[in-house]
1. Could you list all residues from the stretch 21-35 that are small (Gly, Ala, Ser) and surrounded by fewer than 11 Cβ atoms within 10 Å (Cβ to Cβ)?
2. When the stretch 44-56 is examined, which residues are found to be loosely packed, with under 15 Cβ neighbours inside 10 Å and touching a residue at least 40 places away in the same chain (Cβ under 8 Å)?
3. Look through Glu67, Glu59, Glu38 and report the one residue that is among the acidic types (Asp, Glu), outside any helix (DSSP H, G or I), open to solvent by 10 Å² or more (accessible area, probe 1.4 Å) and at pLDDT 95 or above.
4. Across the stretch 1-20, what is the number of residues that are open to solvent by 70 Å² or more (accessible area, probe 1.4 Å), modelled with pLDDT of 95 or more and either within 19 Å of Ala143 (Cβ to Cβ) or part of a loop (DSSP other than H, G, I, E, B) (or both)?
Amino acid sequence: MHQQIYTIRNGRPEEFDTLGQIMVEVYSQLEGFPKQSEQPEYYNLLANIGKWTKKPHTELLIAVSPEGKIAGGVVYFSDMRYYGSGGTATQEKNASGFRLLAVAPSFRKQGIGKLLSNECIRKAKALKQEQVIIHSTKAMQVAWKMYENLGFERSEDLDFMQEELPVFGFRLKLK
């Protein structure tokens, strides 16, 4: 299979709506994940993914195909205070994190999720952070396996409930 070269960069305001649509599509198709009618606030957060860029220490990274198509994205936090999840993650020091990673269905199985994750890890290392924090759910088994393959380990101290949904914490130690 021919390997395409994807560019990872910060999303631009004119791209936010497209990425928001990808986010809603991806998360709504996860088997076992709450539907839009069950967690409308969460899906509103996904649809309006560009709003994250208004927070300090927060970047919206996107993967762009050679043809200029948005293949996926993720929100990266260089300071966990702005991570915005439940549980204790926002109190972690010397840590970066990322959330809301999604790859458009037509671009799956090309390593884009791994590219986006590795860019977040690279950014954390450049800041000399001690760890990277993420969360996943049972419905996200493909991502869960990828995170473990990247060296992330389960950290039960970071677990929390998002309404009725158990959310599981992971930690990648960098030092």
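The values are calculated or read from the model by the stated rules, or taken from the named source; none is laboratory data. Just so it is clear, the structure is predicted and the values come from calculations on it, not from any experiment. When we count neighbours, we look across all protein chains shown, and the Cβ atoms used for this are built from the backbone with ideal geometry, even at glycine. Protein only, heavy atoms only, side chains kept; ligands, DNA and RNA dropped before computing areas. Shrake-Rupley method; radii C 1.70, N 1.55, O 1.52, S 1.80 Å.
1. Correct list: Gly32 only.
2. none
3. When all the criteria are applied, what remains is Glu59.
4. Here the count works out to 1.
The rows are residues; the columns are (1) of a type outside the set (Gly, Ala, Ser); (2) within 15 Å of the chain's Cα centre (by Cα).
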residue	(1), (2)
Gly97	no, yes
Lys128	yes, no
Thr137	yes, yes
Ala143	no, yes
Val167	yes, yes
